[in-house]
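Visitor: Below you will find the structure I want to go over with you.
The values are calculated or read from the model by the stated rules, or taken from the named source; none is laboratory data. Not measured: the values here are computed from a predicted model. We place every Cβ from the backbone using ideal geometry, glycine too, and count neighbours over all the protein chains shown. Please note that ligands, DNA and RNA were not included when accessible areas were found on the heavy atoms of the full protein model with its side chains. Shrake-Rupley method; radii C 1.70, N 1.55, O 1.52, S 1.80 Å.
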Amino acid sequence: MTAESPGLSDHRLHAWRTRFRNWRGTRPFWAGVLTLLGGIPIAYIPYNDLKLGQLTVRMSTTAGAGSLIIGVLLITLGLTMWFQAQVRVFAGVAAILLALVSLPVSNFGGFVVGFLLALFGGSLALAWVPDKKALGGKGAKAGDPAGDPSGDPAPEGQGGPDAGPGPVLPQQPGPAGDDAPAGDGGRPFAHLADGGGHRAE
């Protein structure tokens with residue numbers, strides 16, 4: 001067996017980190033983390049006994065089943081924010097409502113720790129919006145002069161809204177190299193046809 005080269009191992013680690021970063025950027029990752037962590041103390045504390053030396057403090061209440069349900073639902077909503085980002089609004093609203101319900105049901109929301117985590121997690125889920133670049137909805141690139149999403153440059157004279165006027169073509173001379181007078185409609189020698197003078201030899 002041959003030992004794996006350090007360069008190959010570093011390459012795999014970098015590729016894994018890149019994939020994880022791309023996956024994390026397409027969903028409300030930190031909202032799911034906070035919501036999931038908020039459900040753990042809410043579900044755990046009512047079923048746990050705190051020991052201080054020889055003193056045992058029982059923190060279980062009559063609403064232990066309700067605390068377990070709220071904690072499990074918050075954990076489920078946190079995972080939903082990761083793997084079903086399309087329902088992030090529903091998951092965020094549900095996480096905030098469950099965090100508020102946990103205050104009177106589960107020892108002040110897991111001693112306020114679970115309440116705050118779930119509250120911030122639900123708020124982040126509501127505020128998160130998908131990245132347009134990641135979804136392929138980005139329009140023109142920075143070097144596109146006309147703002148065309150296809151990337152093709154705009155033809156001359158048909159630029160974007162900020163483009164200036166097209167190229168001005170030079171005026172063509174009239175027949176026989178004589179320019180037509182301005183008031184004769186562009187007809188050369190119109191003054192001779194009207195009887196107004198004669199052309200110089």
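Visitor: Give ILE45, ILE69, ILE96 a once-over and let me know the one that is within 30 Å of LYS132 (Cβ to Cβ), of a type outside the set (Ser, Thr, Tyr) and surrounded by 13 or more Cβ atoms within 10 Å (Cβ to Cβ).
Guide: Within the list ILE45, ILE69, ILE96, the selection yields ILE96.
Matching residues to (1) touching a residue at least 60 places away in the same chain (Cβ under 8 Å); (2) more than 23 Å from the chain's Cα centre (by Cα); (3) open to solvent by 20 Å² or more (accessible area, probe 1.4 Å):
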residue	(1), (2), (3)
VAL87	no, no, yes
PHE90	no, no, yes
LEU103	no, yes, yes
PHE111	yes, yes, yes
PHE115	yes, yes, yes
ALA125	yes, no, no
